[in-house]
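Notes follow the structure.
The values are calculated or read from the model by the stated rules, or taken from the named source; none is laboratory data. Bear in mind the structure is a predicted one, so any value in this text is a computation, not a measurement. Cβ atoms come from the backbone with ideal geometry, glycine included; neighbour counts cover every protein chain shown. These area figures cover heavy atoms from the full protein model, side chains too; ligands, DNA and RNA do not enter into them. Shrake-Rupley method; radii C 1.70, N 1.55, O 1.52, S 1.80 Å.
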Protein chains: 2
Amino acid sequence: MFQGGYMGKVLRVNLTTKKVSVEDLPEKIARDYIGGAGFGVKYLFDEVPGDVDPLGPDNKLIFAPGPLSGTSAPCASRMAVTTKSPLTGAVGMSLSGGYFPVELKFAGYDVLIIEGQADTPVYLHIRDDKVAIKNAEKLWGMDTQITQSIIKQDVNDHNTRIACIGQAGENQSKMAAIINERRAFGRKGVGAVMGSKNLKAIAIRGSGQVPLANPKAFETARKFMLEAMKQSPVLYPEFSKLGTPMVVDATSAMGIFPSENYRNTGEKDYSTTIGVEASISRNKGSEHCYGCPVGCTQLKLAQGRGYEGGMSDPEYETYYSLGSVVGVESVDSIIYNDMLCDKYGLDTMSVGVTIAFAMELFERGMLTAADTNGLDLRFGNHQAVTQLIEEIAFRREGMGALLCDGSRIMAEKVGGEADDFAMHIKGLELPAYDPRGAKAHGLNFATSYTGADHNRGYAFQEVFGIPVPNAYDRFAVAGKGWLTKWNQDIRCATTDCPTMCGFLMDMAVPAIAEQNTADLVSSVSGIALTKEDVGMVGERVNNLARVFNITAGFTRADDTFPKRIMAETLKEGGSSGQRISQEDLDLMLDEYYEARNWRQDGVPTRQKLAELDLPEAAAVLVARGLL
Amino acid sequence: MFQGGYMGKVLRVNLTTKKVSVEDLPEKIARDYIGGAGFGVKYLFDEVPGDVDPLGPDNKLIFAPGPLSGTSAPCASRMAVTTKSPLTGAVGMSLSGGYFPVELKFAGYDVLIIEGQADTPVYLHIRDDKVAIKNAEKLWGMDTQITQSIIKQDVNDHNTRIACIGQAGENQSKMAAIINERRAFGRKGVGAVMGSKNLKAIAIRGSGQVPLANPKAFETARKFMLEAMKQSPVLYPEFSKLGTPMVVDATSAMGIFPSENYRNTGEKDYSTTIGVEASISRNKGSEHCYGCPVGCTQLKLAQGRGYEGGMSDPEYETYYSLGSVVGVESVDSIIYNDMLCDKYGLDTMSVGVTIAFAMELFERGMLTAADTNGLDLRFGNHQAVTQLIEEIAFRREGMGALLCDGSRIMAEKVGGEADDFAMHIKGLELPAYDPRGAKAHGLNFATSYTGADHNRGYAFQEVFGIPVPNAYDRFAVAGKGWLTKWNQDIRCATTDCPTMCGFLMDMAVPAIAEQNTADLVSSVSGIALTKEDVGMVGERVNNLARVFNITAGFTRADDTFPKRIMAETLKEGGSSGQRISQEDLDLMLDEYYEARNWRQDGVPTRQKLAELDLPEAAAVLVARGLL
C-alpha cells in the first residue's frame, strides 16, 4: 500500500487489558495529516472525548514520528506525543528529538497508541514485532537517567532507546515531562499522563529501514534543503556553535526577554550575566540528534560549590525559566537545575515560571515564611530554586504540593488576587518572549491549541527578522491575525507533522519550507502532495485541534493574556512603551478569526470545516449545539 | 601458540609518544601467573622500579582479566588493575567485575598496559584491532556516569563498555577510583594514577570469543563448580537475595563491625539501624556481572528529603565506611553517599574512614570549626559526610585538600598525635572487620601486599566458620601465621588471577577451589596445571609483590596495626576483652614469615625465591644489598 516513508502500521497497547495489537495506518490519514502532530491530533480527536479526565484510563498517549523520520532527510529526528493535557485541559502535544523517535519507525510503526491504565508499574519493550509489557516495580522511584541505564542492562542491549518518566511523572505533577536520554517531550504534563497509566518507560530497538518511494526525487529535495541550510546566515556560522542560548542576547536587546515574573519592565538586562558570553564559557561541546548536520545542543558543565560537576544542555527557554524569570544570574545554577529537571522529569519552563510566581507572591507577602517552611523565596535565590525543584518532583507537603500542578492550579489554591501574577495562558506557563514587544508572537501564545506555546506558530519575522529584516513591525497590532494564522499553519505542516526540527523553520528555510516539505514527503511516500496540500494540512490540524478544545470547554475568552501583560507597560529597553490593551487583543483576535474563517466566538465555520474535509469536526460541534 | 583461554596478546599504549603496539603474551608468564593480578604484579615488577613517583609518567596502569574471563565459567567476570599506588606507595592492585573486563578479551587482549602521560585529556577507544587515542577535553570535569553516556553517544555504540575516572581522579585524590558502570576498581588510588596520565576513560567493544582448548573437560569442571555453588548453604538461599549487606548483622554479632573510628569498643550495636533488616526495605532488585548466576548486587533506592531518588548498590564495606565508622545510622544517607562516591569516582572505604578520622579529631578539638569552615563534624552527621565527599572530589581548599589524599597524609598535615587515631595500614584505610576479634583476618591486613586489604587473604574460617564452623578460634594468636599465608596464596591463585569472584571463595567453594581452578584453567588454556601448580602461583605472586614493596622501602615495621588496635581493648559485645598486643603481633609475624620461609625481617629467602622460580626478584634484592 504505502510505497515509502510510512511503515503503514499503528501499534496499539492497552495497559488495562494488556492487549497488544497492530492495525493498518489508513492512507487517507497519511495524506491528510502527514504524520507527527497531525497523526496525534487526528487520533486524539477520533478516540478521546474532549471532556475525559486527563489522568484517567480513558485518556491516551499517542506517539508519532513522521514520514521523514528515520530517512536521511536532515533534522527529521523528531516525534510528537499527543494527549489531553492535565495542565491545560486542551490538546497536549509535545515534540522531542534525539534517537528514540526514529527507533519506532525502524521497529516498523508510524504510531504508538497507549491506552488504559496498568494497575502496577510496567514498561513497554518493543523489538520490531516483539512487544512486551514488562514489570517495572523495581524502576518505580528511580530518576530518568538511572531508569534508562537499568533498562538497557535488563534488556541486554544498550543501543535500545528509551523514553521514560522520573519521579515527577510518577507523582503526576502536571508539569512532568517524558525524557529520552537528556531530551524531553517537555511541556503540558505529558509525563503525568504516563505516570497516571503506571507506565514508567518505553524501550524500543528496531532493525528495519524506512523505504523511499522515489529515491532520486528524494535525493534532489534533500540536496536542495541541505543547500538552503548552508546559505542560512545563522544556522552554521552561529547556531551550530552557540545553540539556542544565543537567543538570550537577541531578545534582551529587543526588550522581550522576560524577567522576575515579568515585573521587571526593561530596567534590568540579564544578558550581561546569563547571556551567550557568560554561558559559552561553560561549553563542553555539541550534541546531534539523529540525522542532524547542525548539532545545536550545547553541553555545559557547571562550576562552583554546590553546582560543580552538574552537566546539562539548557536551551534558551531555560535561561529564562530557571534564570531571568526567577531573577537568577548564576549560569551554573541554571545548568545544574536544568539537569535536576531532566533527572526528575520536569518541564523546566513551567517549573521556573511557577517558581517565579511563588517568588512574587512571597515578596508581596501573599506567601509567608510559614507557607514556605522557612525558605527565603526572594527573586534571585537560586538555592531556593534547586530546593523547590525537588519539592515539586516529589510533590512534598507544603510548597511541593502547592507548586507541582503549575501556576493556574496554584493560583486557585492561594486564592484572592494571586492569579493576577500567574503567567500562563490556558494553564500553560508563558515562554521566554514578552508578548508586549512581539505582537504576532504573543497572539500565537493566545491562540495556540496547546496554550502559551511559542512552538506552535513562532513569529520568526518578528524575533529574527527572517526572511526580510523589518518586514514586519513587531509592535504593530494590525496584520498580526493573518501573520499568526500563516505561522501556525506552516509551522504545523512543515515542522510538527513531517516531522522536522523547528529551528530550521525559524532560522533557515521558511520561504521554501512548504515546497520543500511537499517535495520531501512526496518523494519518500509516493503520495503526491503540492505546496498547497501541505499548507492545508497545517490548517486542518489547527482546526481539528481547535474543535477538540471547544469540546473540552474552551472559548474565545480563553484566547487571552495574563492580566499583567494587559495592565502594565514596558518602561525601558528595546520595547519601551509597549503593552497589549484589551482593544489590541480584540482587534488581533477578530482579525485572526477572520483569517481562519472562524466565527467571532472562535468556533470554526461549517464552510471552513467542509473545505478542510473535516466532517467529523462539524458533526461534533453540531451535536453540542455549537454549529 | 595458545590453544585457548588466552588471546595471546598484550596491548601497550604509550600516552606520551601516542604509540600503540601489540606484543605476544609469553606462555611462561601465562603458566607462572595465570592472569589478572598475577599478570599485573609480574608486569609491574618487570617494568616499574619500586621507587618511581606513582603520579609521574614512569608509573604504569596494567589492566588484566584472566583466562576464565569471557568464558562461560561462572563468576569469572573480573579484571585486575595494577600500578604503584599513590595512596600506599606499595603495589596497588584493585579488581572490578561487571561487563567492562570481558570486553578486553573479546577485543583480543589479555593485558592492557598504559604508560607515559598525555599532555591534554584523552580517552582510549578499542574496537578489536582498532585502537585510538582520542581527545577528551570535553569530558574533563564530568562525572563518571555522564562520561560513560557521552562516550557511548560519541562512538555511536551504547554497547561499548567504559571504565573512567570522575572529578576525584582528575584532581588526583589518592582515594580516587576507576568506575565502570556503577562498579569500581575502588581502592589504592588507581583513579589518581589514571588522572595523572590525563586519561579520562577507556572504552572497549570486542567482537571476538574466548577459545576453549578442551571444551569437554571445561564443561565437566564448570558443571562441578555450578554444583558446588548450589550446595553452598548461603550462596543462593541468602547471598543472592541479600548480597554483602547481610554481613553487617554477622560481624555485628561477632563484635567486629567497627564504628565511630573504632572508638566504640562494642557498647553500641549499629546492626539495628543499618543492618540487613533496615537496608532490605530499600531494595529494588539485583544486578549480575557477566556470566554470574548469583547476582549479589542489590540496587537500593534512598528515601526521604535530601536523599530521595538516590540509587546505588552499597556493599557491606560501605555500610561501615559511610555508616558505622562515621557514626551514621541513616541507611538512606549511605545509599546516597555511595552514589556520590561512584559519581565522583571515589573509594567509599578510604573516604569514609578518612572522614571518621576527621570526626574524631574534631570531637577531640584537634580540628576546630575554623578548620572545617563551620562544618559540624560530630559523628553521625550524615549531611557533613555528603558535603565532605564533594569537598574531597574537587580537592577544595580547606577540608577537601586536607582529606583528599587519605588518612596517612592527613595525619601528617595535622601533626602531633593525630596519627594515633588514623585507621590505616601502609596508608590504606582499614576494612570493616576489627582485627582484634578476628586475628588471622587482621594479620592479613597487616601483611597484605596492598596494605589493609581484606580481599587479599580473607579469613573466611574466622568470619563465616567455613568450611567447618569453629574449626579456628578467631581470638587465638597461635597458628594464624600459617592460616594467613594459606588464605593469601589461595585467594590470589583461585580468585585474583583466573579471575574469579572472591565471594565464591568466601562463601561457597574454598575446599575445592585449588583443584577447580586447576581444572578450569587447564581446560580453557590447554596449559596443564595441577592443584599444586595453582597454589604455587598464589605464593609466587605474593612473593614477587613483597619484593616490589621492599624495593619501594617497606620493612617488617610496616606490617603492623594502627595504634588504637594495639592500645585499646574491646569492652563489650561478641569480641569483648580482645586486643592485639605488640607481643601478639610479633608472635603472629614470626610465624607468618616462617610459614612463608621469609627471614624474620620480612625479606623472602634466597631459597624461597629459587623455589618459586623468581630469579628476577632475587637479583633486585641482591642489587640493593638486601639478600
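What's the total number of residues in the range A:311-334 that are more than 20 Å from the chain's Cα centre (by Cα), within 14 Å of chain B (Cβ to nearest Cβ) and buried (at least 24 other Cβ atoms within 10 Å of the Cβ)?
1
Residue by residue through the range B:110-123, note down the ones that are over 24 Å from residue B:76 (Cβ atoms) and either within 13 Å of another protein chain (Cβ to nearest Cβ) or out of contact with any Pro (no Cβ under 7 Å at 6 or more places or on another chain) (or both). Don't jump to the end; show me each part of the working.
Taking the range B:110-123 and keeping what is over 24 Å from residue B:76 (Cβ atoms), we get B:115-123.
B:115, B:118, B:119, B:120, B:121, B:122, B:123 - these are the residues of the range B:110-123 that are over 24 Å from residue B:76 (Cβ atoms) and either within 13 Å of another protein chain (Cβ to nearest Cβ) or out of contact with any Pro (no Cβ under 7 Å at 6 or more places or on another chain) (or both).
Check B:134, B:138 and return the single one that is charged (D, E, K, R), facing chain A (nearest Cβ under 9 Å) and either closer than 30 Å to residue A:304 by Cα or open to solvent by 10 Å² or more (accessible area, probe 1.4 Å) (or both).
B:138
May I ask you to verify whether residue B:570 is in a helix (DSSP H, G or I), within 30 Å of residue B:356 (Cα to Cα) and of a type in the set (A, V, I, L, M)?
Numbers: in a helix (DSSP H, G or I): no; within 30 Å of residue B:356 (Cα to Cα): yes; of a type in the set (A, V, I, L, M): yes.
Against the criterion (in a helix (DSSP H, G or I), within 30 Å of residue B:356 (Cα to Cα) and of a type in the set (A, V, I, L, M)), residue B:570 does not qualify.
Given A:380, A:374, which one is in contact (Cβ under 8 Å) with a residue 40 or more places away in the chain, open to solvent by 10 Å² or more (accessible area, probe 1.4 Å) and in a loop (DSSP other than H, G, I, E, B)?
A:380
Per-residue answers, yes or no, for (1) more than 15 Å from residue A:404 (Cβ to Cβ); (2) out of contact with any Gly (no Cβ under 8 Å at 6 or more places or on another chain):
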| residue | (1), (2) |
| --- | --- |
| A:328 | yes, no |
| A:339 | yes, no |
| A:351 | no, yes |
| A:355 | no, yes |
| A:368 | yes, yes |
| A:374 | yes, yes |
| A:379 | yes, no |
| A:389 | no, yes |
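If I filter the range B:409-424 down to residues being in contact with a helix residue (DSSP H, G or I) (Cβ under 8 Å, 6 or more places away or on another chain) and not hydrophobic (A, V, I, L, M, F, W, C), which single residue comes out as most open to solvent (accessible area, probe 1.4 Å)?
From the range B:409-424, those in contact with a helix residue (DSSP H, G or I) (Cβ under 8 Å, 6 or more places away or on another chain) are B:410-414, B:418-424; that's our starting set.
With not hydrophobic (A, V, I, L, M, F, W, C) added as a condition, the list becomes B:412-413, B:419-420, B:424.
Values: B:412: 131, B:413: 112, B:419: 76, B:420: 41, B:424: 27 Å².
Residue satisfying both the conditions and the ranking: B:412.
Find the residue count for the range A:35-93, including only residues that are in a loop (DSSP other than H, G, I, E, B) and under 30 Å from residue A:407 (Cβ atoms).
20
Return the residues of the range A:392-403 that are surrounded by fewer than 22 Cβ atoms within 10 Å (Cβ to Cβ) and either under 22 Å from the mean Cα position of the chain (by Cα) or of a type in the set (D, E, K, R) (or both); say none if nothing qualifies.
A:395, A:396, A:397
Would you mind stating whether residue B:184 is closer than 30 Å to residue A:157 by Cβ and either in contact with a Cys (Cβ under 6 Å, 6 or more places away or on another chain) or without any contact (Cβ under 8 Å) to a residue 24 or more places away in the chain (or both)?
On the way: closer than 30 Å to residue A:157 by Cβ: yes; either in contact with a Cys (Cβ under 6 Å, 6 or more places away or on another chain) or without any contact (Cβ under 8 Å) to a residue 24 or more places away in the chain (or both): no.
No: the conditions fail for residue B:184.
Name the single residue that is nearest to the other protein chains (Cβ to nearest Cβ) among those in the range B:269-302 being without any contact (Cβ under 8 Å) to a residue 24 or more places away in the chain, crowded, with 18+ Cβ neighbours inside 10 Å and out of contact with any helix residue (DSSP H, G or I) (no Cβ under 6 Å at 6 or more places or on another chain).
So, considering only residues that are without any contact (Cβ under 8 Å) to a residue 24 or more places away in the chain, crowded, with 18+ Cβ neighbours inside 10 Å and out of contact with any helix residue (DSSP H, G or I) (no Cβ under 6 Å at 6 or more places or on another chain), the one nearest to the other protein chains (Cβ to nearest Cβ) is B:299.
Which of the residues spanning the range A:164-205 are within 14 Å of chain B (Cβ to nearest Cβ) and either basic (Lys, Arg) or open to solvent by 10 Å² or more (accessible area, probe 1.4 Å) (or both)?
Result: A:170, A:171, A:181, A:182, A:183, A:200, A:205.
Just give me the residues in the range A:549-606 being basic (Lys, Arg), open to solvent by 10 Å² or more (accessible area, probe 1.4 Å) and within 30 Å of residue A:48 (Cα to Cα), in sequence order.
Scanning the range A:549-606 gives A:556, A:599, A:606.
Go over the candidates B:406, B:427, B:442 one by one and state the one that is crowded, with 20+ Cβ neighbours inside 10 Å and under 30 Å from residue B:470 (Cβ atoms).
Only one candidate passes the filter, namely B:442.
Please specify each residue of the range A:153-163 satisfying the condition of being within 13 Å of another protein chain (Cβ to nearest Cβ), under 27 Å from the mean Cα position of the chain (by Cα) and open to solvent by less than 20 Å² (accessible area, probe 1.4 Å).
A:160, A:161, A:162
Mind telling me which of the residues A:360, A:412 ends up being free of Cβ contacts under 8 Å to residues at least 24 places away in the same chain, in a helix (DSSP H, G or I) and away from chain B (no Cβ under 14 Å)?
On the way: A:360 fails: free of Cβ contacts under 8 Å to residues at least 24 places away in the same chain.
Only one candidate qualifies: A:412.
Test residue B:146 against the stated conditions and say whether it is within 14 Å of another protein chain (Cβ to nearest Cβ) and either out of contact with any Cys (no Cβ under 9 Å at 6 or more places or on another chain) or more than 28 Å from residue B:339 (Cβ to Cβ) (or both). Working first, answer last.
On the way: within 14 Å of another protein chain (Cβ to nearest Cβ): yes; either out of contact with any Cys (no Cβ under 9 Å at 6 or more places or on another chain) or more than 28 Å from residue B:339 (Cβ to Cβ) (or both): yes.
The answer is yes for residue B:146.
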